[in-house]
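The values are calculated or read from the model by the stated rules, or taken from the named source; none is laboratory data. Bear in mind the structure is a predicted one, so any value in this text is a computation, not a measurement. Here Cβ is always computed from backbone atoms with ideal geometry, including for glycine, and neighbour counts include all displayed protein chains. Note: accessible area is taken over every heavy atom of the protein model, side chains too, but ligands, DNA and RNA are not part of it. Shrake-Rupley method; radii C 1.70, N 1.55, O 1.52, S 1.80 Å.
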Amino acid sequence: MSKRNTPQRRHAILALLAEQGEVSVDELSRRFETSEVTIRKDLAALEKNGLLLRRYGGAVPRPQDAEDGLRPPSACQQAIARAAAARIREHARIVVDSGSTTAALIPELGHTRGLVVMTNSLDVANALRELENEPVLLMTGGTWDPHSESFQGQVAEQVLRSYDFDQLFIGADGIDLARGTTSFNELLGLSRVMAEVAREVVVMVESDKVGRRIPNLELPWSSVHTLITDERLPPEAREQIAARGVELVCVAVPT
């Protein structure tokens with residue numbers, strides 16, 4: 001496409017983003033045979049119109065507006081959440097990171113007594129308050145990040161370091177089989193502190209995110225104890241994850 005076909009090129013960028021879940025400036029520049037400066041202008045215009053979010057070196061889909069609330073969890077997310085909840089003992093102290101898969105965990109905790117739950121997510125906090133056995137709720141505080149819809153920053157990190165926890169439940173935008181969990185979010189400090197203060201780090205992720213190459217390494221394999229995903233995970237990926245010393249749980253998804 002030439003530079004004269006700007007609307008068509010921007011439409012194609014959105015279609016590619018919907019298909020891939022992420023795009024990079026370098027990739028788009030090659031695909032559309034135009035300069036990286038032009039692509040950055042395209043992404044800036046699309047972001048201004050609320051159609052995507054720019055990230056370092058590229059762009060990701062725009063998250064659902066906070067006022068729309070959490071989307072109902074998929075059957076796969078619910079199955080993963082049930083497997084995660086089964087690992088939580090009564091009176092445990094846990095951290096639940098922001099994200100749709102981790103949020104699916106909260107309704108599964110209604111019968112678990114005496115929990116202490118720390119989170120950086122308002123959605124998770126509000127869901128916790130609806131539980132019959134409402135846990136002790138701790139918030140990280142910090143600076144609100146509208147892109148990840150969570151609290152981030154040094155204040156949140158300092159609050160976390162004041163506690164110790166039995167388990168961290170965290171999602172991921174992608175799983176790099178060579179490196180670990182990856183994220184579109186460039187604010188990685190809080191996730192790493194969460195992992196530092198928890199005795200067990202449990203990653204909750206759907207199998208279609210395994211193998212997705214995203215630039216930002218969130219947690220290296222050395223920080224991950226358990227990965228809960230679904231049974232669609234290919235055998236080769238299972239072998240590579242197990243070889244990292246990570247406990248792998250693959251759950252059946254109801255049809």
Might you check whether a residue that is open to solvent by less than 50 Å² (accessible area, probe 1.4 Å), within 26 Å of Val60 (Cβ to Cβ), modelled with pLDDT under 95 and charged (D, E, K, R) occurs anywhere in the range 214-237? yes
Those residues that are closer than 16 Å to Ser150 by Cα and assigned to a loop (DSSP other than H, G, I, E, B), I need them from the range 89-103; list them, please. Asp97, Ser98, Gly99
Inside the range 93-118, can you point out the residues that are among the hydrophobic types (A, V, I, L, M, F, W, C) and under 15 Å from Met194 (Cβ atoms)? Ile94, Val95, Val96, Leu105, Val116, Val117, Met118
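Scan the strands (runs of 3 or more DSSP E) fully inside the range 111-204 and keep the ones with 1 or more residues being open to solvent by 70 Å² or more (accessible area, probe 1.4 Å).
Details: elements: 116-119, 136-139, 143-145, 150-152, 165-170, 174-176, 180-183, 198-204.
Counting at least 1 such residues, we get 136-139, 143-145, 198-204.
Any idea which residue in the range 5-37 is nearest to Gly211 (Cα to Cα), counting only those that are loosely packed, with under 15 Cβ neighbours inside 10 Å and at pLDDT below 90?
Gln20
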Determine the pairs where a residue that is within 14 Å of Val202 (Cβ to Cβ), located within the range 223-243, has a partner that is of a type in the set (Ser, Thr, Tyr) and outside any strand (DSSP E or B) with Cβ atoms under 8 Å apart, the partner being 6 or more residues away or on another chain. Thr229/Ser207
Pick from the range 40-61 the residues that are more than 16 Å from Pro215 (Cα to Cα) and in contact (Cβ under 8 Å) with a residue 24 or more places away in the chain: which of them is surrounded by the fewest Cβ atoms within 10 Å (Cβ to Cβ)? Ala45
